[in-house]
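Peer 1: Structure below; questions to follow.
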Amino acid sequence: MADILQAAVQVLAAEGAARFTTARVAERAGVSVGSIYQYFPNKAAILFRLQADEWRDTSVMLRTLLEAPGQPPIERLRAAIRAFFRSECEEAAMRIALADAAPLYRHAPEAHAHRRAGLRTAIAFWREALPDATREQRRRVADIAAIALGSIGKTISERQWPVETIDAYADASADMVAAYIAGLSGASP
């Protein structure tokens, strides 16, 4: 199955979601279309698997960084933003292709489960980073940070910048979030 998924990644990157077919994946993997159907009932299942794998990898990376013991929350957040922006840039072509295919799997139960898991990680982090904030304040911070950082990460990934520039934008984004949360707690960033 690993060969099929690798072939699917190659086809998706080369052809895009509109031209992505099980026949093209089979040809690239060097297997019959019937072999594909042993693992995946249709092309949407393949695309969803690719997306789910990407979600899982990114979630594990962010959760690991945000839960790192012994570091202040803002330093963990800074490391997570840097890693997220770099990841967005490294996976830009795949992310764009999978976004085109999103209508095929956007409402799948697994997609909702992924979003809930990410929300739990964010809530736990913000509870620690803002212990005196109200639940509503933490939710707002989590939502604003996710929207802003997701948008910035997407924009950066489309520009093909060198890693030094990506890191500079990540650090500036972390400073922006730090200033926002410092304002909530009455402390200086």
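The values are calculated or read from the model by the stated rules, or taken from the named source; none is laboratory data. Computed from a predicted structure; not experimentally measured. Positions of Cβ are generated from backbone atoms using ideal geometry, with glycine treated the same way; all protein chains shown enter the neighbour counts. Surface accessibility is based on the protein's heavy atoms, side chains included, excluding ligands, DNA and RNA. Shrake-Rupley method; radii C 1.70, N 1.55, O 1.52, S 1.80 Å.
Peer 1: Quick one, what does Rg over Rh come out to for segment 100-156 if you take C-alpha atoms and the Kirkwood Rh? All intermediate terms of the calculation are to be shown ahead of the outcome.
Peer 2: Working: Rg = 13.7 Å, Rh = 12.8 Å.
Ratio value, two decimals: 1.06.
Peer 1: Each residue of segment 23-33 in turn: what ³J(HN,Hα) in whole Hz from Karplus with 6.51, -1.76, 1.60 and θ = phi - 60°, glycine and Pro shown as x?
Peer 2: 3J(HN,Hα) across segment 23-33, in whole Hz: 5, 5, 5, 4, 4, 5, 7, x, 10, 7, 4.
Peer 1: For a quick protection proxy, order the peptides 33-39, 96-102 by their average other-Cβ count within 10 Å, most packed first.
Peer 2: Numbers: 33-39: 14.0, 96-102: 17.4.
Result, highest mean Cβ count within 10 Å first: 96-102, 33-39.
Peer 1: Related question: I'd like the accessible area for Met61, computed on protein heavy atoms only with a 1.4 Å probe and all protein chains in place. Round to 10 Å², please.
Peer 2: 50
Peer 1: Just grab the label-to-label distance for Ile144 and Ala168, each label 7 Å out from Cα along the Cβ direction, in nm (one decimal).
Peer 2: Label-label distance for Ile144 and Ala168, simple model: 2.6 nm.
Peer 1: Continuing with the same structure: Percent of Cα-Cα pairs per 5 Å bin, from 0 to the last occupied bin, for segment 24-135, please list those.
Peer 2: Values per bin, smallest distances first: 2, 10, 16, 17, 17, 13, 10, 7, 4, 3, 1, 0.
Peer 1: Over all Cα pairs of segment 23-63, how is the pair count split among 5 Å bins, expressed in % and running from 0 up to the last occupied bin?
Peer 2: Here the calculated profile for segment 23-63 is 5, 23, 22, 19, 12, 10, 6, 2.
Peer 1: If you take Rg and Dmax of the Cα atoms in Å from the coordinates, which of (i) 19.0, 63; (ii) 15.4, 49; (iii) 18.2, 66 do you get?
Peer 2: Only one listed value fits the structure, namely (i).
Peer 1: Return the calculated 222 nm mean residue ellipticity for the chain, to the nearest 500 deg cm²/dmol, obtained by summing -39500 (n - 2.57) across DSSP H runs with n ≥ 4 and dividing by the residue count. If you can, show how the numbers build up before the last one.
Peer 2: Values: 9 runs with 148 residues, N = 189.
Dividing the helical sum by the residues of the chain leaves -26000 deg cm²/dmol.
Peer 1: With only alpha-carbon pairs counted, each pair once and no self-pairs, how large is the Kirkwood hydrodynamic radius of segment 80-189 in angstroms?
Peer 2: Working: mean 1/r = 0.0651 Å⁻¹.
Kirkwood hydrodynamic radius for segment 80-189: 15.4 Å.
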